[in-house]
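Chemist: Sending over a structure as structure tokens; questions will come in a sec.
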Amino acid sequence: MSDEKKKATEAHMRATAKYEKENYDKVLIRFPKGTKERIKNTGNSVNGFTVEAVLEKLAELEGIEQE
């Protein structure tokens with residue numbers, strides 16, 4: 001086997017972009033400087049940490065509203 005990394009084809013990149021567009025919402029979030037490092041220092045990825053925090057807060061708020 002070759003050590004060269006395989007490059008994604010144009011069709012593969014289009015398929016991936018289409019899948020992401022159909023299945024995910026993208027959100028740009030701005031935090032105060034230093035927040036990214038603080039999140040990384042917890043051992044989590046920034047994306048994973050953010051998704052988990054937002055979903056937990058939504059569940060909390062939706063639970064309160066349903067009572």
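Readers should treat all values here as calculations from the given coordinates under stated rules, not as data from a laboratory. Bear in mind the structure is a predicted one, so any value in this text is a computation, not a measurement.
Chemist: P(r) for the chain, please, calculated from all Cα pair distances in 10 Å bins and given in %.
Modeler: Taking every Cα pair in the chain, the percentages come to 15, 27, 30, 22, 5, 1.
Chemist: If you don't mind, another one. Highest GNM mean-square fluctuation, the chain, Cα pairs closer than 10 Å: which of K18, K40, K26?
Modeler: K18
Chemist: Here's something else I'd like to know. Per residue of region 42-54, what does 6.51 cos²θ - 1.76 cosθ + 1.60 with θ = phi - 60° give for ³J(HN,Hα)? Whole Hz please, x for Gly and Pro, Karplus curve as stated.
Modeler: 7, x, 9, 7, 4, 5, x, 4, 5, 4, 4, 4, 5
Chemist: Let me ask something else. Which ³J(HN,Hα) values in Hz, rounded to whole numbers, follow from the phi angles of region 11-26 under the Karplus curve 6.51 cos²θ - 1.76 cosθ + 1.60, where θ = phi - 60° and Gly and Pro get x?
Modeler: 5, 5, 5, 5, 5, 5, 4, 5, 4, 4, 5, 7, 10, 9, 9, 9
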